[in-house]
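All remarks here apply to the structure that follows.
Readers should treat all values here as calculations from the given coordinates under stated rules, not as data from a laboratory. Small disclaimer: the values here were computed from a predicted structure and weren't measured. Note: ideal-geometry Cβ built from the backbone for every residue, glycine included; neighbour counts use all protein chains shown.
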Amino acid sequence: MADTLLLARSQFALTALFHILWPVLTIGLSLFLVVNETLWIRSRDPDYYRHARFWSKLFILNFGVGVASGVPLEFEFGTNWAPFSAAMGDFFGNILGFEGAMAFMLEAGFLGIMLFGWRRVAPKIHLFATCMVALGASLSAFWIMVANSWMQTPAGGVMQHGRFVVTSYTQAMFNPAALWGVGHMWFACLETSLLVIGALSAWYIHKNRHPEFFLKSLKIAIAAAVLVAPLQIFLGDGSGRVVFEQQPAKGAAVEGHWRTNPPGTGAPWAVVAWPDKARQRNDWAITIPGVLSLLATHRLTGQVTGLKAFPPADQPPALPLLFYAFRLMVAIGFYVLALMLWSVWLWYRGELTAERVGRHRRWLLAWIGALPLGYLAVESGWIVREVGRQPWIVNGLMRTAAGVSALPPGTVLASLIGYALLYTLLLTAFLVFARRTLRKGPDVTAEPPPLKPAAPLQVNAPVPHALEDD
Amino acid sequence: MEQVIGLLADIWFVLLGVILALYVVLDGFTLGVGMLTLFSPTEERRGILMGTLGSVWDANETWLVLLGGALFGAFPAAYALLLHALYIPVIIMLFGMILRAAAFEFREHAEAKRFWNLAFAMASLVIALAQGVALGTVLQGIPSVDGAYVGSVFDWARPFPLLVALGVVCGYGLLGAVYLILRTEGIIQTRARFAARLLAWLTFAVAVAVTVWTPFIYPQVATKWFSLPGFFLILPLPVAGFAAFLLLLRALARGHEAAPFVWTVVIFLASFGGLAVSLHPYIVPPSLTLTQAAASPATLIFMLTGIGMLLPVMMIYNGYQYLVFRGKVTVPGYHH
């Protein structure tokens, strides 16, 4: 059973960490497509249409892998976590059902029109379809974060005969971690996508390929990210304070904080350390007095419960992983903020023109280098959130060990290996084809469809292939 | 209170049935076309087959995701028990779905399409087989103690589930063929007509075998079928199914384009209805009845107001997408 537990956890970690890479871009990029289509319809500048067409090529590749890796998660709770599903389904399963009905279906129901319907529907209907895809993508983040937050801070029901029964949907859905979690994740999607859009645009500019064209997308990315980056730090801080309030063991584990600070004193903050669970202390640490109280409670002498207040069986595992994953995420948050301040300053100085932008090599490289940072931060954040929740599957209500399906370890090992092989294939193929698409670049002469269609739409007539722009 | 739970559970049984039926018909033809691409002699013809799916395959598959979520919410105990018991078929189906989605997308980009073409067709076959095996395993019974599965992970590897799997593969193939009659013309349509006739007979043969075998495997069905008034309640379904089969053969012989699809869907719905009536009041025979597996009334009502109300909306916008892309596909590519 111990083997099955470890294997089931590994499989969930693999499938979830792999899957989350794709929807983050789907969510942000679909909104970016909405922005471009709107700009095109309002300004009639065909470049925005061409941007929409170009970025939707990346979108579809990314979306395909997202769907491929997302479907298994809908079923993995049942296959590998059957006791958890049976006990917690009254709320948790229902929320996944809502995700399917409100988010995935909306996305899928308009995806075909968004990708292939350019010549079949009027531009405004096309924009509507793109909006629905974007709305569906964002709603899926909402529902999944509501479900996940409930596992962190369950509320709105009672345990009856080993089953969670909902008594208040408002309380269960808007549990203490939910709104901060939804906001933090949604902004993570925006920030990651803006970094990808900005970095790729910067790469084209750096290569001197259509600099004027890509300055348009880079400027959209900067204009949005300069708001998103500081707000994300604010949301991260808020999520963190909920953790210290609601899941003190997780908070203490993330910070390598062992002893509760006595009243009237501030808790010290370990900048770097090596937390050691076996010895119940940090092997070494560089600390700043008083700062943790400030970070965790926004008060100078706020009490921060130490890990030693919990028996080792109730403490999260893999302390150094939690400690450093958290620090990586925070460092990326501040790097992005600095990059945005630099970008805005250059923009303000009038440097972001096709003639002058090429001179700012280092700035362009800083952008290009930021391409993977959003993904790294998202993965780190999920590790902190989920490993930090251990040893609970639903915090305080059910232990992870009690939630796992009693399967033979060999069977779970086989499926784990299968996932690893398939996902390696998917990632490799995606990188190969995405690279090909990006090297090919945009079609900067593509003619947009007429904005005011004079002739009535003929859906029945076969569309000549020459009209279809691939 | 008992009655309220029973009524809510029945409503959700019907809604899940509707979602499952939509999934089986829509992804059924998608999987069927996928399997039929194995027999496409040229890349151009295969491209046309794929083109009939381009704009809709993702939405079709999504009905299964919705089914998973709705089953999890409405009958958590059934979701848990079924997926645990069907671990190997479900995982194999999921692997198939991963590969199918990837192959569908990547073959458009690949210069050497052979690998992705084969992956797409084989993944479609594997998904159909796995779903059939899963259905057969459920019909032969899922043993449990205190809601937890106590059978082996290999309970599916028996003759009955494998026969059902064969039936599902033929049935999906038939759906794919009649869909192609509707969406293509010329040589592809002619070949689809031939495939449809062959697969109709095969599906019919396997369906008869499964129907005869089921009462021996699943005694509760026998008592239900061969008692009054159960007999007369169920009787219209096989009669309707058989009539639709005859009408399908006639429509194929007369060269109709839309009728074969309609009659095939009627055959599926009749089998489906027969299955649902035979199962009721069980959701996982012989372990869980609907009321035993149901979530709390508050949850069932909450879901009804949300997901239940959205169901018609989903059907409307999915229908709109079909409308936008209706018509014959004559050139390869997804832009149809």
In whole Hz, what ³J(HN,Hα) sequence does segment A:148-165 give by Karplus (6.51, -1.76, 1.60; θ = phi - 60°), x for Gly and Pro?
-> 5, 4, 5, 5, 7, 9, x, 7, x, x, 9, 7, 10, 6, x, 10, 7, 10
Rounding to the nearest 20 debye, state how big the charge dipole of segment B:2-324 is about its Cα centre with +1 on each Lys and Arg Cβ and -1 on each Asp and Glu Cβ.
-> 840
Which entries in A:K277/A:K308; A:K124/B:K328; A:K250/A:K277; A:K216/A:K452; A:K207/A:K440 show an alpha-carbon gap greater than 22 Å?
-> A:K124/B:K328; A:K216/A:K452
Mark the label point 7 Å from the Cα of A:Y348 along Cα→Cβ and return the residues of segment A:179-218 whose backbone N is within less than 16 Å of it.
-> none
What does the charge add up to near A:G162, with Lys and Arg as +1, Asp and Glu as -1, over the other residues with Cβ less than 15 Å from its Cβ?
-> 0
So what is log10(I(q)/I(0)) for chain A at q = 0.08, 0.10 1/Å, when the Debye sum runs over its Cα atoms only?
-> -0.54, -0.82
Here the Kirkwood hydrodynamic radius of the protein assembly as shown, Cα-based and in Å, equals 28.2
Roughly how many debye, to the nearest 20, is the charge dipole of the protein assembly as shown about its Cα centre, given +1 on each Lys and Arg Cβ, -1 on each Asp and Glu Cβ, and no other charges?
-> 1420
Counting only residues 5 or more apart in sequence or on a different chain, those whose built amide H sits under 5 Å from that of B:G141 are none
Residues whose built amide H sits under 5 Å from the amide H of A:M398, excluding neighbours closer than 5 in sequence, are A:I393
So, with +1 on the Cβ of K and R and -1 on the Cβ of D and E, and no other charges, what is the size of the charge dipole of chain A about its Cα centre, to the nearest 20 debye?
-> 960
When the charge dipole of segment B:1-145 is computed with +1 on Lys and Arg Cβ and -1 on Asp and Glu Cβ about the Cα centre, the Cα farthest towards its positive end, among B:L64, B:A123, B:P143, belongs to B:A123
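Just tell me how shielded B:287-299 is by partners: mean number of partner chain Cβ atoms within 10 Å of each residue's Cβ, no decimals.
If you average over the peptide's residues, the count of other-chain Cβ atoms is 3.
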Got a sec? Charge dipole of the protein assembly as shown, +1 on Cβ for Lys and Arg, -1 for Asp and Glu; which of A:A253, A:F54, A:P408 is way out at the positive end?
-> A:F54
Which GluC sites (Glu not before Pro) does segment A:346-396 hold that lie in a coil by DSSP with at most 11 other beta carbons within 10 Å?
-> A:E355
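Per 0.36 nm of contour for each residue apart, how much would the distance between A:E212 and A:Q171 grow if the chain were fully extended, relative to their Cα-Cα spacing?
9.7 nm
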Determine, from the Cβ-Cβ distance of B:L162 and B:T190 and an R0 of 25 Å, the FRET efficiency 1/(1 + (r/R0)^6), rounded to the nearest 0.05.
-> 0.15
